[in-house]
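S.K.: Below you'll find the structure I mean.
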Amino acid sequence: MSKRSLYSIVAALILLGVYSYEHFLKEEEQQVIIADGSQPKTQTNTFFLPTSTTGQVVHHEGYSLSYSEAHEQPEWVAYELKKSDLSNHNFKRPYFEIDSAVKTGAAHWRNYKNSGYDRGHLCPAGDRRSSKAAYDETFLTSNISPQEHNFNAGIWNTLEQKVRYWAVKYDGIFVVTGGVLRGDMQAIGDEAVAVPNAFYKVLIDYNSGDPKMIGFLMPHENSNKPLYEFVVSVDDLEKLTGIDFFPQLDDAKEDKLEASTSYKDWVFN
DNA sequence: CTGGCAGTC
DNA sequence: GACTGCCAG
């Protein structure tokens, strides 16, 4: 058995243990959390919004998105991720709902049924655990893309967990995520939801002095490579997607940060 | 954590 | 279709 396999099994057992314990202990406590309501985070959530190539930006309490009706999924989902968004509470997964804020009509989850693809969160449920309401809000079909399960539960999940690690370590980062909606793509369901051939993630840390930025581009397939091998410049992601990710930064700073492929400022462990 | 699927009403 | 319970990596 490889060292990696052993680690995976140990990690799974620990998660299982935590899950069981939380489920047993904290059912009543959840309702207190719900009553606490969501924090007003609109200001920070929208500060770094990218441009939209589709003209349909939708804001929710916990994240914003730009919906592509042609592809029946978002071209990007953007949100701030702070320590307070994470918790140990176990929430029961709700059903995916059609996002009524998408005026052109967001996809129905039925498109994904028996498609062979996961309903892959872009703003992960695990990034919105401050309250049941915040958690449930990620279960909108405007927040998902078709993803191969081995990719979603594999290298992509690994990246999402690293993002949570950085959010804690740097006490807040801003995250932009999406599928690359370009080129020839397969489609699933009656509404022809496009299956991206790659997914990207852009992070900016604006809390620790000079802002630092990092971009990832992952082919839509699982991988055993280390995360840093997927680092790309934000410039490359902008050329690939047609999206301007940080128009709010002054041009000189934006140009410098977005051209960088350096990840020395981001601790990978 | 990331998810699907079968059985029931 | 909504909901519960069970399953896998």
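S.K.: Output wanted: per-residue J couplings in Hz (rounded whole) for the stretch A:247-261, from phi through Karplus 6.51 cos²θ - 1.76 cosθ + 1.60, θ = phi - 60°, x for Gly and Pro.
M.R.: x, 6, 6, 5, 4, 5, 5, 4, 4, 5, 5, 6, 7, 6, 10
S.K.: Rounded to the nearest Å, what's the spacing between the alpha carbon centres of the stretch A:125-164 and the stretch A:209-245? Just the number, please.
M.R.: For the stretch A:125-164 versus the stretch A:209-245, the Cα centre distance is 18 Å.
S.K.: Summarise the accessible area of the stretch A:40-259 (1.4 Å probe, protein heavy atoms) by the percent that is carbon and sulfur.
M.R.: Numbers: 4380 of 9190 Å².
Here carbon and sulfur together make up 48 percent of the probe-accessible area.
S.K.: Name the trypsin sites (Lys or Arg not before Pro) in the stretch A:56-107 that are in a loop by DSSP and that have at most 15 other C-beta atoms within 10 Å, would you?
M.R.: Numbers: sites: A:Lys82, A:Lys83, A:Lys92, A:Lys103; in loops: A:Lys82, A:Lys92, A:Lys103.
Qualifying residues, ordered by number: A:Lys92, A:Lys103.
S.K.: What is the spin-label model distance, in nm, from A:Ser100 to A:Asp250 if the labels are put 7 Å beyond Cα along the C-beta direction?
M.R.: Each label point lies 7 Å from its Cα, and together they span 4.5 nm.
S.K.: Could you state the per residue volume, in Å³, of the convex hull enclosing the Cα atoms of the stretch A:106-205?
M.R.: Details: hull volume 10.1 nm³, N = 100.
It is 101 Å³ per residue.
S.K.: While we're here: Starting with the highest mean, order A:58-66, A:234-242, A:248-256 by the number of other Cβ atoms within 10 Å, averaged over the residues of each peptide.
M.R.: On the way: A:58-66: 22.8, A:234-242: 17.2, A:248-256: 12.1.
Highest to lowest by the protection proxy: A:58-66, A:234-242, A:248-256.
S.K.: Another question about this same structure. Using the scaling law 2.2 N^0.38 Å as the reference, what is the normalised Cα Rg of the stretch A:40-259?
M.R.: Working: Rg = 16.2 Å, N = 220, 2.2 N^0.38 = 17.1 Å.
In units of the 2.2 N^0.38 Å rule of thumb, it is 0.95.
S.K.: Right, another one. Between A:Asn207 and A:Glu69, what FRET efficiency comes out of the Förster formula 1/(1 + (r/R0)^6) with R0 = 22 Å and r the beta carbon distance, rounded to 0.05? Please report the intermediate quantities before stating the final value.
M.R.: Details: r = 35 Å, r/R0 = 1.60.
For A:Glu69 and A:Asn207, the calculated efficiency is 0.05.
S.K.: Where both residues lie in the stretch A:40-259, what percent of DSSP beta bridges are antiparallel, nearest 5?
M.R.: Details: 36 of 37 bridges.
So the antiparallel bridges amount to about 95 percent of the total.
S.K.: With a 10 Å radius around each residue's Cβ, average the other Cβ atoms per peptide and rank A:185-192, A:116-123, highest first.
M.R.: Working: A:185-192: 14.9, A:116-123: 21.1.
Packing order, densest peptide first, comes out as A:116-123, A:185-192.
S.K.: Packing-wise, with mean Cβ within 10 Å as the measure, how do A:217-227, A:133-143, A:200-210 rank, highest first? Each step should come with its number before you reach the end.
M.R.: Working: A:217-227: 15.1, A:133-143: 23.1, A:200-210: 18.0.
Listed from highest to lowest mean packing, they are A:133-143, A:200-210, A:217-227.
The values are calculated or read from the model by the stated rules, or taken from the named source; none is laboratory data. These figures come from a predicted structure and were not determined experimentally. Here the Cβ is made from the backbone with ideal geometry for all residues, glycine too, and neighbour counts use every protein chain on show. Side chains included, ligands, DNA and RNA excluded: accessible areas come from the protein's heavy atoms. Shrake-Rupley method; radii C 1.70, N 1.55, O 1.52, S 1.80 Å.
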